[in-house]
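Written below as structure tokens is the structure these notes are about.
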Amino acid sequence: MKFKNLVDEVLKESKLGLDKETKNEILTEARGRKSIQLDLKEANSVLKGKKGSVVLADILQQLESVSKNHEFKANNLKKIIEDYGLPVKTRNELIKWGWIEETGTKGRLRLTNKAVDVLTAKEFNLDKVKVKKVTKSVTKRMDLKTKKYKIPPSPKSSLTRKIVKEILSNMLAQLTGKIKTGILLAGNPGTGKTSTIRFIANLFGMNLVTIEAPHITEENVISIPYIIFDTKTGKEVANSMQLKQEGSEYKLIYAESNIVTQLKKLKPIREEQWEKIIRKSPLLKEYYEKFAVIIEQVRRNSEADKKGFSTILFLDEYYRRPSERIGNILRGILDGRIGSEKIPNDVYPIYATNLKDETGDVEQQMEHEEFIQVNFDDVTKDEFARFIADKYTPVDITTGEEKENPELTYEIDPDVYNEFLEILPEKLGQEPEKGLRMSPRRTEQVLVYLNSTVKNIQSVDDVRATLQYLKNLYTDYLTGETNPDYEKVKKLVVKFAKEKGIDVSSDIDEIPPTEWIKTFDLIMKAKEDADGELKITPIFASAPGQGKTSLVKQYAKDNKMGLIYINGYELSPDDVIGIPIPEEGKGKVTTKFTEPPLYKRIMDEYNELKNNESEYFQEGRKYNVILFIDEFSRVKNTKVFNALRMMMLEHKVTAEYPLPDDIIIVSAMNPNGVGTSPLSEHMKDVVNVIPTGLSFKKMMIYLQSNTDPEFEDTKLGNILRNIISQIAVELGSDTNTEGEPIDVEFTFYYWEVLPDTVVYVSPRILTTAYFQTLNDTKIELTLEGYDLQNLSFETEDEIKNVAQIILDTWKDSFLTALQNQIKDKNDLEDFDWEQVKVKLNTYFVDSLDEIVSTLAQIRSELAGSFSLSNILESKGIDALLDFGNDDLLVTSYGEYVKNATSVQEILEDFANVFQEISTKLDNKNKDDIIKLLKFINSVIKIVQDEISEGDSKLLKMTAKEQFKVFTNIENIELTDDNLNYILMLGQVYETEEYKEFVRLLGGEENE
């Protein structure tokens, strides 16, 4: 490939945004080089000979620029590779060719000595061309403002500035000993309390320790008496009896509080580290320049420095603490203690709570708890826009300039950023007229999903699935009401789809809940693309037995992903919380926690998958294993719920046990019903509840496809399915068991069995009852001496007797299974099942005549003769083409041939069928032609065997002559297509089937 073509291929459409002048400069610098391969492997071989490639050279130089001691983050390499439009496997190729290597630390790589040697040579020889100069030019042009983000200017006053001032003032007051009153941040879920404190910790150059009050146990915060020691020997004593026997003396050892231990281990952040943090974010730099003088007064710079704070202890969701005792202990932190222990004096506590939460809001503040309450007002659109720009774009929001940022691992497209901001209200997080409140946190997740999904939309169905996900983000699952702002997002999605050439109308509907697996697929793709920024957990919600678990398992299998299943309802507190144990060190005893059984179980299954199912762990894929948490709404124990909540929000089982990065968490729940609990306002803000379900039509297809062949062949399975369908249609209710309206797709599962009595009959219940009924039928007929695979009847009375046996079995088996399941799954008092049974019985009794008719047809098929036309009409084209392998059909057709009035009748019957089937087959498809060959051969063999002596005309012919009779234009009126079949027979000469056929005809292969 010519070098100019290389430039066009690699740079023309790349994300680097290089213009014509830069390309020309590269061409000029590379004059004299005749050609170069796009393949990096080829470039590597050139570089071995002390020559080089522009692409490879620039990759190595960019890695060196973002490295420290030649080490760099794997994400930096990923970003550079993506910018060049190169495949993900380039990373592995660079390792294989010896330019980079792994460090042993997850997520970090390093340049090899070979790469460092080449880089320090100051130049890359590309036929005596210095690529170093080209790279500088490229870098310079990459710094230019090429994309247009519409970022609002810095506001004169903002909520963040107000809180920074309030906290600095309180810190100064506490340092001087004037007050001990703490700060309480109060705001609705998702308004930015946590992210603001994270920002402030970075701004102040302080450590941040976050305690989620709902996740704390008493073992975390108190000093625990653990061990009995023999004071003479210093050894642990097994029990008090041993003490008495040996005359030992003992004492109790109180281990230090786990939280106190954590705080004592922290050291002040070094100046150079703090400066690096500030430089990363233009927004931090802007605030630092305003508040630097005061920050320096409250900040502890080193361990030798005895004044100031070095750690912020953030106690989030303070009023959702699991017990009053824990609340009192956490409140005591303001007095410098956790329980009986002093905390380091360089720790500054900040509390936070929700304004609106059923289980812990600011109204629960006790009289003795005095705080300076700072309310988180609704965030303005401009503040939100600047926050997003600082986090997800390469723009310096203080100058408006766009620059390369190696730390930026996920970027919001400028078009998506600009268009999305246009549709936002002036203030985020306000209470809507209906639907969910869209907090800044939830709004950010909408933007990330939009950004990552737009590139994956390929069809109208993709658009509809995207809309279903977004609509549910705006919908309160308990009321079913949707925030009106969703309509603006919908218009935006439609606009992006049209720009991609997808023909969609503005009134396009979301996909129904029964097609939720398409939405799930797009969620997985978006999470893969978003590089960990799409944090919201999807919860698939439906009534029990609608196939949520089965479909997620099937999705994992189809996409070669591992699956770990957790039933939240079955977990106990002992499963999710480790046992506190003492740990000795440096002359003191501290508390640590053992591995929680739930974490051990997850990791055991994860490692087993990794060791035994290597295909699940694919290079370059972010997520390899689905952690599926089922029955989330049935979790009753607070400790279990909080542990599962922490897994969803922080990807950890307790604070000390993080999950592997390639595990993705999804969940399922029953939205309402017996034993379920509604989600809190805070929980609603961090998950997306997506209604799901199984359509009645798909369930019936599933029943048919999994029915034993003997029931399908006799059509008995179809009769039973028709009975179920009739019951579901006629008894189907448009409300659920609570009297609430339901989607039309689910009316078939809610039966009004008695006036004002609606019961839920799930797909699982119907499926279980259906297959149980068929199995019982098979057993009952066997006991009566009948074989379903070879039913034969002597008289009509026998047919009626068997039909009655089948009907009685159906009624008893199906209705009994239904009764047990309905009683188990529905909370009904004084339920008159006998009355319901009488009603349901009528549907079965009405089917007796149909069963009799079906059995009579079986008798007729066994005893009568069938022409080819009869077989085609009753059995279908597939059965006809393969009828030579069906003994019953061979016998029936033989009877027809034997009783035919003439050979002409047989030939006309064949001609009619041949004309019909030939229009259904593909005359260019080898398999179809072979099917036709076998069919013709079967017909000839049966005619040979069964034709009467009076019609000696055919008997005197050779097999080849008989074949010609059956395919001769004089006997059969062939269309052009039919004629093509005959002409195409020779095209399958290489198959064994054709060779065998020629031998049967007595001819040679070349004929």
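Straightening the chain between Tyr569 and Asp708 buys 46.5 nm, computed as 0.36 nm per residue apart minus the Cα-Cα spacing. Restricting the calculation to Cα atoms, the stretch 701-797 yields a radius of gyration followed by a Dmax of 16.9, 55 Å. Centroid-to-centroid, using Cα positions, the stretch 628-654 and the stretch 709-775 are 34 Å apart. The packing ranking, built from the mean of other Cβ atoms within 10 Å per residue, places the peptides 679-691, 646-658 in the order 679-691, 646-658, highest first. Among the trypsin sites (Lys or Arg not before Pro) found in the stretch 531-624, those both in a DSSP coil and sparsely packed, with 15 or fewer other Cβ atoms within 10 Å of their Cβ, are Lys560, Lys586, Arg621, Lys622. The simple spin-label model puts a point 7 Å past each Cα toward its Cβ; for Ile502 and Glu752 those points are separated by 3.9 nm. Considering only Val689, Ser667, Phe593, and ranking their Cα positions along the charge dipole of the stretch 592-711 that arises from unit charges at the beta-carbon of Lys, Arg, Asp and Glu, the one farthest toward the positive end is Val689.
Normalised per residue, the accessible area of the stretch 391-443 is 45 Å², obtained with a 1.4 Å probe and no contribution from ligands, DNA or RNA. Remark: for residue pairs Lys285/Lys403; Lys68/Lys264; Lys434/Lys698; Lys622/Lys652; Lys79/Lys527; Lys557/Lys697, the C-alpha separation exceeds 26 Å in Lys68/Lys264; Lys434/Lys698. The lysine pair count for the stretch 885-942, using Cα distances under 20 Å and pairs eight or more places apart or on different chains, is 6.
On the beta carbon distance between Val729 and Lys610, with R0 = 51 Å, the FRET formula returns roughly 0.55. Computing FRET efficiency as 1/(1 + (r/R0)^6) for Thr901 and Ser874, where r is the C-beta to C-beta distance and R0 is 35 Å, gives about 0.95. Between the amide H of Leu563 and those of Ile626, distances stay under 5 Å, these residues lying 5 or more places away or on another chain, with hydrogens modeled in the peptide plane.
The length gained on full extension between Ile95 and Glu798, counted as 0.36 nm times the residue separation minus their Cα-Cα distance, comes to 245.3 nm. Amide H contacts for Phe540 (H built 1.01 Å from N in the peptide plane; partners 5 or more residues away or on another chain; cut-off under 5 Å): Ser667, Ala668, Met669, Ile690. Taking a ≥ b ≥ c as the square roots of the Cα gyration tensor eigenvalues, with a/c under 1.5 meaning rounded and otherwise prolate when a/b beats b/c, else oblate, which class fits the stretch 518-558? Cα axes put the stretch 518-558 in the oblate bin. Computed about the Cα centre, the dipole magnitude for the stretch 665-756 is approximately 260 debye when only Lys and Arg (+1) and Asp and Glu (-1) carry charge, each at its Cβ. Sorting the segments 772-780, 899-907, 98-106 by their mean number of nearby beta carbons within 10 angstrom, highest to lowest, gives 772-780, 899-907, 98-106.
Remark: spin-label model distance Asn820-Ile277 equals 6.2 nm, labels positioned 7 Å along the Cα→Cβ axis. Return the FRET efficiency for the residue pair Lys455, Lys265: r is the Cβ-Cβ distance, R0 is 35 Å, and the value is rounded to the nearest 0.05. Result of the calculation: an efficiency of 0.20.
For the pair Lys342 and Glu407 in one chain, pulling the backbone fully straight at 0.36 nm per residue adds 19.5 nm over the alpha carbon distance.
In the complete set of protein chains, residue-level accessible area for Val494 is approximately 10 Å², probe 1.4 angstrom.
Anisotropy class assigned to the stretch 574-721 is prolate, per the alpha carbon gyration tensor with a/c at or over the 1.5 cut-off and a/b larger than b/c.
The values are calculated or read from the model by the stated rules, or taken from the named source; none is laboratory data. Treat the numbers as computed from the prediction; the structure is a model and nothing was measured. Ideal geometry is used to build each Cβ from the backbone, glycine not excepted, and the neighbour counts take in all protein chains shown. Ligands, DNA and RNA are excluded from the accessible area calculation, which covers all protein heavy atoms including side chains. Shrake-Rupley method; radii C 1.70, N 1.55, O 1.52, S 1.80 Å.
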